1. Looking only at segment A:72-109, how many residues end up being among the aromatic types (Phe, Trp, Tyr) and buried (at least 21 other Cβ atoms within 10 Å of the Cβ)?
2. Residue under question is residue A:63, and the condition is that it be of a type outside the set (S, T, N, Q), free of Cβ contacts under 8 Å to residues at least 24 places away in the same chain and loosely packed, with under 13 Cβ neighbours inside 10 Å; does it hold?
3. What's the total number of residues in segment A:10-43 that are more than 10 Å from every other protein chain (Cβ to nearest Cβ), more than 16 Å from residue A:107 (Cβ to Cβ) and within 11 Å of the chain's Cα centre (by Cα)?
4. Restrict the check to segment B:53-74 and report whether at least one residue is at positive phi and under 14 Å from the mean Cα position of the chain (by Cα).
5. Test residue A:108 against the criterion of being β-branched (Val, Ile, Thr), within 11 Å of residue A:33 (Cα to Cα) and assigned to a strand (DSSP E or B), and give yes or no.
6. Quickly run through segment B:28-42 and pick out the residues that are touching a Cys at 6+ places or on another chain (Cβ under 9 Å) and not aromatic (Phe, Trp, Tyr).
7. May I ask you to say which residue of B:58, B:42 is facing chain A (nearest Cβ under 10 Å) and free of Cβ contacts under 8 Å to residues at least 12 places away in the same chain?
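The values are calculated or read from the model by the stated rules, or taken from the named source; none is laboratory data. This structure is a prediction, so every number in the text was calculated from the model and none was measured. Backbone-built Cβ (ideal geometry, glycine too); neighbour counts: all protein chains shown.
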Amino acid sequence: EDQVTQSPEALRLQEGESSSLNCSYTVSGLRGLFWYRQDPGKGPEFLFTLYSAGEEKEKERLKATLTKKESFLHITAPKPEDSATYLCAVRPGGYQKVTFGIGTKLQVIP
Amino acid sequence: DSGVTQTPKHLITATGQRVTLRCSPRSGDLSVYWYQQSLDQGLQFLIQYYNGEERAKGNILERFSAQQFPDLHSELNLSSLELGDSALYFCASSVTGQVSTDTQYFGPGTRLTVL
C-alpha cells in the first residue's frame, strides 16, 4: 500500500529563517510526487509536480527536490504569508489514485 | 482560483439525513475526483470519474455514491448521515485522469456538519 509520511507535523519559523519540510514515501513505481499548499478551510493549491529523482522545481521562495525515497520542500527567507499547511502526495504507476500525507503546518512569525 | 467550483460552501444537517454535494470541473477537464478531509486527517480519496464513467474507487462508504453527468459536473450523494461524516469534502479535476502528467486542481470544498 502506498504511504506518505510528512515531517515535522508542525513548524514555527521566524520571518527570514529558512528551513525544509520532508516527505518520505513508499509507492510502487512513482509516476508523480505533488506538493500542495492548503490554507485553513480552503482547497489545496497546486505548487509542484516532480517526476524523477534529481528533479528540482522552484517558485518564489519555495524549492522542491526529489530523491528515490523522499522529497524536500525548501523555504528560503519565509514571510508570514507563507504560513499554511503543505501537503505532499504521490501517484503510483498505471493508476490515478493519489495518496496524500497529513501535511506540515507551517507558521511564520513576523 | 483553480476554476473548480463546489456548492454549497456549508451544509448543516441532522443524522440520518441525505445530502448532495455538487462540483463543476475546470473548463476542458474530463476527470473529477472526490476527497474527504476530516479534522486533523489527511485527504482521503473517495472516487474518480472520467467522462461520465467511474474510473477508480477509494475508501468510499456504501452509504455514499457519486455520478458524473454529460455536462461533466459531478454530484456526491451522502445518505444515512452519521456524526462521523462531518468533514470537508473536496472535488478536484484534471484534464484526462489517464495520463501520469495530469495534475489535480482542487475546488474550495463543502463543509458538512452533521448534528
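1. Matching residues across segment A:72-109 total 2.
2. no
3. So the count comes out to 5.
4. Yes, segment B:53-74 contains at least one residue that is at positive phi and under 14 Å from the mean Cα position of the chain (by Cα).
5. no
6. Residue satisfying the conditions is B:32 alone.
7. Every option except B:42 fails the conditions.
Every residue, every condition in (1) within 18 Å of residue B:31 (Cβ to Cβ); (2) more than 10 Å from chain A (Cβ to nearest Cβ); (3) part of a strand (DSSP E or B); (4) aliphatic (A, V, I, L, M), yes or no:
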{"position": "B:67", "(1), (2), (3), (4)": "yes, yes, yes, no"}
{"position": "B:70", "(1), (2), (3), (4)": "yes, yes, no, no"}
{"position": "B:76", "(1), (2), (3), (4)": "yes, yes, yes, yes"}
{"position": "B:91", "(1), (2), (3), (4)": "yes, no, yes, no"}
{"position": "B:103", "(1), (2), (3), (4)": "yes, no, no, no"}
{"position": "B:108", "(1), (2), (3), (4)": "no, no, no, no"}
{"position": "B:113", "(1), (2), (3), (4)": "no, yes, yes, no"}
